[in-house]
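Some notes on the structure that comes next.
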Amino acid sequence: MDVAEREDTLLSLMRQARLTGQGGRPEDIAGHTSLSVEQVTEVLTELVRSGEVTYQNDGAYHLSPSGIRAAEAIMRRHRVLETFLQEMLGMEHELAHAQACTMEHHTTDDTINRLRGFLRGNRDCPVTCHGHVRRCSFKSLADCAHGDVVKIDAIRGCGRGGRLADLGLIPGEKVMVKQRMADTLLIRVKDCDIAISPEIARSVLVEVDQ
Amino acid sequence: MKIGLIGNPNVGKSLIFSHLTGIGVEVSNYPGTTVDILSGVSCINRLPVEIIDLPGIYSLDGEGDEERLVRDMVLSHSFDVLVVILDAVHLERNLYLFLQVLEHRIPMIVVLNMADEAEKQEIQIDTHALSQITGVPVLLTSATLGKNIAEIIPVATTRASVGTYQVAYDRHIEAAIRTLMRVSDSGSSRVASLLALQGIGTDPSLLEAARTIAGELEEEHRMPVSSLLAGNRHHAASEIHHHVVSKAPGKEMRGLDSWLLTPFPGVLIMAGILLSMLLAVFFIGSFFEELIVEACDIWVLGPLADTSLDPLVYELIFSFVIAIQAGLGIAFPFVFTFYLLMSVVEDTGYMSRIAFLADRIMHRFGLHGQAIIPMVLGLGCNVPAIMAIRQIGTKRERHIAAFLITMVPCSARTVIIAGIVSVFVGLYAALSIYLIIFSLILLSGLFLSKITPGTQLGMVLEVPPLRVPSPLMVLTRAWIHIREFLVIAMPLLIVSSIFLGLLGFYGVLDVIETATAPVVQGILGLPPFASTALLFGVLRKEMAFETLVVLAGTANLTEVMTRIQLYIFALVSTLFIPCVSTIAVLYREQGLKTAIQISLYTVFLGFIAGTVVHWISTLIPLF
């Protein structure tokens, strides 16, 4: 049995249960998916055998607790993929949804977890993931040591953003840390030396120059 | 004809200005700000040319006092020609401002200053190419050597041009500019549209339209419009820089900075420099003060006493002369010496290094490195120092800085310490007063940073390369500083001196003495007439000393007071309540509440310190 058919059937049952509060008949499910009634019945029989679905005498199939868990996992995969396609790759909602519908069945949990981390821009990404260093290695100027050469990634907050931009601290610009006195930094930007306080340094996010 | 000099800070702009105008510079404050604008007149072909030195700025779009002032002046077409002064060594960063100035389409020329320094660092600049690209005449000068300076005015008057270069912005921004230029009926200029996108301007319909578009742009690009513009301009600047400048690679000159900017020995060097400055002012000041006061006594007061005038007229003239004598005795020996040394420190570029070194410790007081600059200036006179607080960050920072600066011993208080304690008690005793004051400043800072509400913004300060100070610049700067002192302090000094004279003449002083005697005598252990002296110290700090001499009837104070009494008197009068000018400027800059708080706090501090010393002296003999 095809994974996609199996998971789509589970999702349809879930949707049915949420909409009507009742189980689904093979005819209803065939209407939601691109399967024929015979195919759906075959898949459902298989699912009853593996314990995710129960058949009751009213002629409808219901999700068992383990079936509900499985369906929820698929929905979560769908959401993560759809968000990624839409927000990060800029796809239209309809297209992103359709793509996510086919991708959700073949994406491993590990990939989904990493993607989710990526979307959150989180810091606890494993050091070994080179694929998206740009988002992962969020580090601020305040974390840089004497002599480091780094590239500005972004500037947080708006307080002194204007002044920083006028002095040449803009995303993409290379900065050298010339001197560090406690947490106060002397940096070199565009051949000029600038002294900045720790709180300002913390607002300048950098990526490590490799 | 009016010519404006515009450029980043530390590009030698002021030195060029001094070369162009010579002596006879006029300093004026722009209404509503404390930003100094210098103007002077130069002659070309027998026609006078007015030259205006604008404050150094990094951008024409900023929100600082100086940036706003320069932008307003440029927008209102106050100048016939702009001379844009750029630092040839740091051309790329300097081009950023130039590109902004170009957008205003005013006839201008470019002056690439510091040519000698660029040559030393093997930076070659193709001025012809720069002129070709931008459509503006370019002059290569060196203000320190005086090279090509004489060319500036002739070129500015004959060849200035509005330029042809235009920054190519992001296509969304260009589209926004096109839209905005069609908004108002008469059509607005490109620069007005650009400023409107950043919320700057006066045309309400243009601003309204710009606000909507700016919102969309920010949504789209996920960053403020000003950052987008800055990015585009920096990109254009770097492109031009690439075409125009060729630099021998790998020449990094660090020199002294590797010593000056490290915790060790940098901090020690800083402490040494500041301490030796203080001591120099102390000794040089006392020496010349004595000369001036003595000369005044012999040549003016002596003959005056011999004349037989009506007592009231005599009292008035006498008070007036005393005021002049006191003013000169402080202004020139102490204040001028201090500001002369200070100007040397400023002109070398060491001041911003002090700010870097002090940043950490200043954070303890809820301030940041830049706040050390007004505090050091306060050693000369508190008034300009308090006016300089505007430059630093948030309300919280200004509040704390105002408290601390008011406590910094200014020149007038140095006169008291030098004139009373150093002369009659001893040098170490005099230094111990400084020690007490600075410890109290530190403690107050710690305390205030705990209780003052508000947020803290850090420092962003350019650290220019170290330079050998130019004597011309040092004198000009010192003159500007001392001018502030003379204009604000001298008139007040004369008025209060005459006031004091009249009070003495009509016997009011005796009444005051009797009223305050219990406090002064009982708690501080001072003779009753000291209260009048303390009270008049409020008018001008050093008057506390002079009044004491007048009231004691002898210049040899040890005849009427003990040494510990003199010590307590000096300590209390230096600490308690700022002088009238300081209170006035506090009120103007920080509001009535802060002015009252600071006055009460210092009175409290002064009496506590005096009481404690008096109490200790009753237990153990101090001097």
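The values are calculated or read from the model by the stated rules, or taken from the named source; none is laboratory data. Computed from a prediction, not measured in an experiment: that's the story for all the values here. As a convention, Cβ positions derive from the backbone with ideal geometry for all residues, glycine included, and neighbour counts pool all protein chains shown. Side chains are part of the model used for accessible areas, which takes the heavy atoms of the whole protein and leaves out ligands, DNA and RNA. Shrake-Rupley method; radii C 1.70, N 1.55, O 1.52, S 1.80 Å.
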Report summary line: By accessible area (1.4 Å), largest first, B:TRP299, B:TRP479, B:TRP259 order as B:TRP299, B:TRP259, B:TRP479
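Tell me what the protein assembly as shown gives for mean residue ellipticity at 222 nm when only DSSP H runs of n ≥ 4 count, each as -39,500 (n - 2.57), the sum divided by the residue total, rounded to 500 deg cm²/dmol.
Value at 222 nm, helices only: -17500 deg cm²/dmol.
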Report summary line: Rounded to one decimal in nm, the spacing of the 7 Å Cα→Cβ label points at B:LEU446 and B:THR307 is 5.7 nm
Query raised in the report: In nm, what is the difference between 0.36 nm times the number of residues separating B:HIS235 and B:SER76 and their Cα-Cα distance?
Result: 54.4 nm
Query raised in the report: With all protein chains present and a 1.4 Å probe, how do A:HIS97, B:HIS241 order by accessible area, largest first?
Result: A:HIS97, B:HIS241
Query raised in the report: For the Cα atoms of chain B, what angle does the longest principal axis make with the long axis of helix B:350-364, in degrees from 0 to 90, nearest 10?
Result: 70 degrees
Report summary line: Once the dipole of the stretch B:255-378 is set up from charges on Cβ (+1 Lys and Arg, -1 Asp and Glu), the residue from the list B:VAL335, B:MET375, B:VAL313 lying farthest towards its positive end is B:MET375
**Report entry** Under the Karplus curve 6.51 cos²θ - 1.76 cosθ + 1.60, θ = phi - 60°, whole-Hz ³J(HN,Hα) for the stretch A:27-32, x wherever Gly or Pro sits
**Finding:** 5, 4, 5, 4, x, 6
Report summary line: Stokes-Einstein D for chain B (37 °C, 0.692 mPa s, Kirkwood Rh from Cα pairs), in µm²/s, comes to 120 µm²/s
Query raised in the report: Given H placed on each backbone N at 1.01 Å, which residues far from B:VAL463 in sequence or on other chains put an amide H within less than 5 Å of it?
Result: A:ASP193, A:ILE194, A:ALA195
Report task. With everything on Cα atoms, drop me the angle between helix A:109-120 and the longest principal axis of chain A, reported from 0 to 90° to the nearest 10. Result -> 40 degrees
Query raised in the report: Helix B:395-407 sits at what angle to the longest principal axis of chain B, using alpha carbons and giving 0 to 90 degrees rounded to 10?
Result: 40 degrees
Requested in this report: Quick one: dipole size for the stretch A:3-63, taken about the Cα centre, charges +1 on Lys/Arg Cβ and -1 on Asp/Glu Cβ, in debye to the nearest 20.
Outcome: 220 debye
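Can you tell me, using C-alpha contacts under 8 Å and at least 6 residues apart, the relative contact order of chain A as a whole percent?
Details: 275 pairs, mean separation 30.0, N = 210.
Contact order relative to length: 14 percent.
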Report task. Could you sort out which of A:LYS139/A:LYS178; A:LYS151/B:LYS395; A:LYS174/B:LYS450; A:LYS139/B:LYS13; A:LYS178/B:LYS120; B:LYS147/B:LYS247 sit more than 27 Å apart by Cα distance in this structure? Result -> A:LYS151/B:LYS395; A:LYS174/B:LYS450; A:LYS139/B:LYS13
Query raised in the report: For the protein assembly as shown, what's the radius of gyration and Dmax over Cα atoms, in angstrom?
Result: 35.9, 133
Report task. Return the long-range amide H neighbours of B:ILE44 (sequence gap of 5 or more, or a different chain), with a cut-off of under 5 Å between placed amide H atoms. Result -> B:VAL49
Query - Table column - 3J(HN,Hα) (Hz), the stretch B:368-375, Karplus curve with 6.51, -1.76, 1.60, x for Gly and Pro - result: 9, x, 4, 5, 5, 5, x, 5
Query - Sequence of A:GLU42, B:GLU103 when ordered by accessible area, the most exposed leading, probe 1.4 angstrom - result: A:GLU42, B:GLU103
Query raised in the report: Taking both sides together, what accessible area is buried at the B/A interface, probe 1.4 Å, expressed in Å² and rounded to the nearest 100?
Result: 3000 Å²
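How high is the relative contact order of chain B, given as a whole-number percent (alpha carbon pairs under 8 Å, six or more residues apart)?
It comes to 10 percent, rounded to a whole number.
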